[in-house]
Amino acid sequence: MTKANSCRADRIEGGVACEMVITGKWIDDWAKKYDQNNQDEKKKEDDIFTSIKTIGSPPHCLTKEVLIKVADWKAPRAKGYVDKNDPYYVEEVTRVSFTTKNEKLKLEVLTLLDGVDIRMASTILHFCFPDLYSVMDWRAWESLRKLHKISGRIENAYGCYKRYNDVCQEIAEQFHVSLKILDKALWQWKGGV
């Protein structure tokens, strides 16, 4: 086993600084730790996926009730803001997002909803189209940054999300894992902190 594979990013082992290299095993191990440590979140995720499947696969829009579940999973503090949205407005805005071919519009139109920023919009798209969109989160961003897969600070902007999602897609394809499994691993590792 090489030094690079035997230690975590920016840790000191035996007096030698070493860096983590992403492997399929690394992704699998950290995703399993996420599942072990976040069983309540897993139940919420399963409930959201089930609720979305009742709308359609893929869904043509979201109901306000499902949007509130997504907000509660992503950032519980945003749930109150999301609850202010008119149910019809939620359905219409999400319908525009889910039917457009324009990727920027798909993400940014969701920010018209109260309580939805780019990160929340990425979460909505992830739950509705899990093979195409990853959840943008500071923990996962920090993991990618420490793993030298992305640079700079996370920003609440389409360009930042596109770059983040492209990196996640590339890694997921390279290691033959879903974006969800990769997201769990990156979130759980939290940049090695």
State all residues of the stretch 95-108 that are touching a helix residue (DSSP H, G or I) at 6+ places or on another chain (Cβ under 7 Å) and among the polar types (S, T, N, Q); if no residue qualifies, say none. SER97, THR100
Taking the stretch 132-177, which residues are in contact with a Phe, Trp or Tyr (Cβ under 7 Å, 6 or more places away or on another chain) and either more than 29 Å from SER51 (Cβ to Cβ) or in a helix (DSSP H, G or I) (or both)? ARG139, ALA140, TRP141, SER143, ILE150, TYR164, ASN165
Limited to the stretch 164-189, what total is found for residues that are farther than 16 Å from PRO130 by Cα and more than 13 Å from the chain's Cα centre (by Cα)? 3
Scan the stretch 110-131 and give yes if some residue there is at pLDDT 95 or above, buried (at least 20 other Cβ atoms within 10 Å of the Cβ), touching a Pro at 6+ places or on another chain (Cβ under 8 Å) and part of a helix (DSSP H, G or I), otherwise no. yes
Subset of the stretch 75-95 (residues that are part of a helix (DSSP H, G or I), modelled with pLDDT of 95 or more and not aromatic (Phe, Trp, Tyr)): VAL82, PRO87, VAL90, GLU91, GLU92, VAL93, THR94, ARG95
Filter pass, SER143 being of a type in the set (Ser, Thr, Tyr) and under 20 Å from LYS104 (Cβ atoms): no
For the stretch 65-84 the number of residues that are free of Cβ contacts under 8 Å to residues at least 40 places away in the same chain and either buried (at least 19 other Cβ atoms within 10 Å of the Cβ) or farther than 16 Å from MET120 by Cα (or both) is 4
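Residues checked against (1) over 20 Å from TRP30 (Cα atoms); (2) touching a Ser or Thr at 6+ places or on another chain (Cβ under 7 Å); (3) surrounded by 15 or more Cβ atoms within 10 Å (Cβ to Cβ); (4) at pLDDT below 95:
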residue	(1), (2), (3), (4)
VAL135	no, yes, yes, no
HIS148	no, no, no, yes
GLY152	yes, no, no, yes
TYR158	yes, no, yes, no
TYR161	yes, yes, yes, no
VAL167	no, no, yes, no
GLU170	no, no, no, no
GLU173	no, no, no, no
VAL177	no, no, yes, no
Return only the number of the condition from (1) part of a helix (DSSP H, G or I); (2) over 19 Å from the mean Cα position of the chain (by Cα); (3) not β-branched (Val, Ile, Thr) that LYS101 does not satisfy. (1)
Please indicate, with yes or no, whether at least one residue in the stretch 32-49 is closer than 23 Å to GLY115 by Cα and of a type outside the set (D, E, K, R). yes
Is it true that TYR34 is part of a helix (DSSP H, G or I), surrounded by 15 or more Cβ atoms within 10 Å (Cβ to Cβ) and at pLDDT below 95? yes
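The values are calculated or read from the model by the stated rules, or taken from the named source; none is laboratory data. Note that the structure is a prediction, hence the values are computed from the model and not measured. When we count neighbours, we look across all protein chains shown, and the Cβ atoms used for this are built from the backbone with ideal geometry, even at glycine.
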